[in-house]
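Worksheet: one structure, shown below.
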Amino acid sequence: MPRLQRGLVLGGIVLNASAFAYSLYVRSVLYATVFLVVTAYLLVVYRANDGYAD
């Protein structure tokens, strides 16, 4: 299960980071803020769980 959780969290980080970059590209400050907050939250979750070490 930790392997699946790690994959989901890392996938979420990558998708949110790319959405953040795109929202900056289209100059949408609201969406950029939302994606940045979600990405930061996922990074905190990932680090708090020691990278979901097996």
For Ala48, the lone unmet condition from (1) loosely packed, with under 14 Cβ neighbours inside 10 Å; (2) under 12 Å from the mean Cα position of the chain (by Cα); (3) of a type in the set (Gly, Ala, Ser) is (2)
Within region 17-45, restricting to residues that are more than 13 Å from the chain's Cα centre (by Cα) and among the β-branched types (Val, Ile, Thr), the one that is farthest from Pro2 (Cα to Cα) is Val26
Of those in region 4-54 that are outside any helix (DSSP H, G or I) and among the aliphatic types (A, V, I, L, M), the residue modelled with the highest pLDDT is Val26
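The values are calculated or read from the model by the stated rules, or taken from the named source; none is laboratory data. These numbers come from a predicted model, not from an experiment. All Cβ positions, glycine included, derive from the backbone under ideal geometry; neighbour counts span all protein chains shown.
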